[in-house]
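Have a look at the structure below before the remarks.
The values are calculated or read from the model by the stated rules, or taken from the named source; none is laboratory data. All figures in this text were calculated on a predicted structure; none of them were measured in a lab. Neighbour counts run over all protein chains shown; Cβ positions are idealised from the backbone, glycine included.
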Amino acid sequence: MEIQQIKQRFGIIGNYPGLDRAIDIARQVAPTDLSVMITGESGTGKEVFPQIIHSLGGRKHGPYIAVNCGAIPDGTIDSELFGHEKGSFTGAHDTRKGYFEVVSGGTIFLDEVAELPLSTQVRLLRVLETGEFIRVGSSKVIKTDVRVVAATNIDITTAIRKSKFREDLYYRLNTVPIHVPSLKQRGNDIYLLFRKFASDFSERYRMPSIRLDEEARQILVNYEWPGNVRQLKNITEQLSIIEQEREISASTLINYLPDYQKTRLPALIRGEHVSEEAFNSEREILYKVLFDMKNDINDLKKLVAQIMEKGSMSREIKQDNEGIIKKLYATVDDMPADASDLISHHGQRQTSKPMEEEHITDTEEIVEESLSLEDKEIELINKALEKHNGKRKYAAQDLGISERTLYRKIKEYNIEQ
Ligand SMILES: Nc1ncnc2c1ncn2[C@@H]1O[C@H](COP(=O)(O)OP(=O)(O)OP(=O)(O)O)[C@@H](O)[C@H]1O
Ligand SMILES: [Mg+2]
């Protein structure tokens with residue numbers, strides 16, 4: 001049978017050479033009794049291969065059974081595969097034949113074979129080498145004629161290194177290896193599969209088939225597809241059901257692709273990286289705004305707490321919180337009447353207006369808001385700090401202001417020390 005015919009018969013979509021090679025090996029090995037090991041990531045389409053091998057070989061009229069080794073508890077797997085004698089363990093009320101006995105003359109597909117417990121691996125090796133096995137709880141050797149096709153989606157060499165899988169069994173199973181390529185390697189096959197699934201789902205759900213616009217198609221073909229064909233099928237189904245608009249755009253598609261940003265992007269959509277950078281700097285700005293806001297709220301809390309404690313905004317509170325009050329109300333009109341003497345009208349920042357006559361000492365050197373004065377002030381502060389090796393206490397003394405005022409000014413003017 002030709003590869004194309006096999007694809008048609010088993011519903012395999014795609015023309016990627018690696019996929020064709022896998023089908024070709026299955027076709028060639030089918031008439032023999034050799035063990036076959038199918039490897040490939042989860043969702044790549046391994047399950048169809050044992051069926052191809054079985055139905056193109058001499059056993060096609062014999063039984064076929066697929067056993068998911070990962071789904072059967074360790075305690076019962078030996079009994080499932082090789083059978084047991086009545087009374088061999090609690091609950092073994094009857095003698096039972098195992099798959100290796102029942103399927104004699106046919107094919108057993110051992111899916112997720114790496115999940116087999118080590119004790120079962122020993123039994124399996126024996127049956128592969130001699131065609132003989134014994135039921136659990138029995139000593140009678142039984143002959144069988146079973147072909148084994150195994151599959152795994154894990155790296156079995158790692159399992160061997162960790163002593164979780166027997167090396168001798170691996171070589172015995174791996175007589176003929178078949179590797180199913182991952183979806184991301186398959187290029188335009190990805191789009192062919194999408195079209196096939198889209199048309200299947202449109203039939204199933206009786207609605208027009210979804211399509212992709214050009215950009216969405218590029219994204220589809222360049223995505224990583226960690227879940228391979230299974231994931232593509234699921235996403236196509238979701239899109240078919242959820243999206244009203246039948247032509248799917250790139251932005252819609254991206255919503256369905258987890259970790260889309262991690263994908264290596266083609267030249268066409270490099271722009272995404274630029275906007276990611278822009279997004280990052282925007283995020284930084286947002287963080288800064290939030291951070292400032294948080295500081296304002298903390299200041300406010302402090303102020304309100306003091307007011308609550310002392311009844312109204314006493315002179316003492318004003319004095320202690322002069323910096324905060326100015327900072328908080330510098331850009332708003334609705335400042336409390338109590339504090340309005342600190343700020344000029346129209347919300348302009350006015351660092352110079354003295355609060356009360358008694359406090360002129362601290363603030364009188366800044367008479368009114370003036371850039372040049374501000375510059376002079378910064379210059380003087382810098383000089384004083386330099387002169388006193390950054391020691392604020394002495395710098396403040398030299399400047400003739402209180403240490404607190406100096407501290408406030410350093411913060412206000414963002415003077416670096
Ligand atoms: N080439 C293909 N053409 C059409 N459908 C495919 C193809 N490959 C895979 N599929 C479909 O993708 C789904 C997943 O495939 P399958 O169950 O064989 O994956 P798997 O390799 O056995 O994965 P796992 O290791 O997780 O068991 C199935 O529905 C299968 O029909
Ligand atoms: Mg599978």
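A few remarks follow.
- Considering the conditions (1) without any contact (Cβ under 8 Å) to a residue 24 or more places away in the chain; (2) within 16 Å of ligand 1 (Cβ to nearest atom), G91 is excluded by exactly one of them, (2).
- Applying the condition of being away from ligand 2 (no atom under 11 Å from the Cβ), touching a residue at least 40 places away in the same chain (Cβ under 8 Å) and part of a loop (DSSP other than H, G, I, E, B) to the stretch 33-61 and asking which residue is surrounded by the most Cβ atoms within 10 Å (Cβ to Cβ) yields R59.
- The stretch 281-311: number of residues that are at pLDDT 75 or above and aromatic (F, W, Y): 0
- Residue within the stretch 183-196 that is closer than 28 Å to V29 by Cα, at pLDDT 95 or above and in contact with a strand residue (DSSP E or B) (Cβ under 9 Å, 6 or more places away or on another chain) present: no
- Filter result (more than 16 Å from ligand 1 (Cβ to nearest atom) and of a type in the set (G, A, S)) within the stretch 95-139: G98, S104, G105, G106, S119, G131, G137, S138, S139
- In this structure, F100 qualifies as more than 16 Å from ligand 2 (Cβ to nearest atom), within 21 Å of E115 (Cβ to Cβ), assigned to a helix (DSSP H, G or I) and not aliphatic (A, V, I, L, M).
- When residues of the stretch 57-72 are limited to those that are closer than 18 Å to T144 by Cα and in contact with a strand residue (DSSP E or B) (Cβ under 6 Å, 6 or more places away or on another chain), the one nearest to ligand 1 (Cβ to nearest atom): A66
- Spans of strands (runs of 3 or more DSSP E) in the stretch 130-173 with at least 3 residues closer than 17 Å to G70 by Cα and aliphatic (A, V, I, L, M): 147-152
- Options L110, L19; residue that is modelled with pLDDT of 95 or more, away from ligand 2 (no atom under 14 Å from the Cβ) and either in a loop (DSSP other than H, G, I, E, B) or surrounded by 19 or more Cβ atoms within 10 Å (Cβ to Cβ) (or both): L19
- Residue within the stretch 163-176 that is in contact with a Leu (Cβ under 9 Å, 6 or more places away or on another chain), surrounded by fewer than 16 Cβ atoms within 10 Å (Cβ to Cβ) and modelled with pLDDT of 95 or more present: yes
- Evaluated against (1) surrounded by fewer than 13 Cβ atoms within 10 Å (Cβ to Cβ); (2) within 25 Å of A30 (Cα to Cα); (3) not polar (S, T, N, Q), G131 falls short on exactly one condition, (1).
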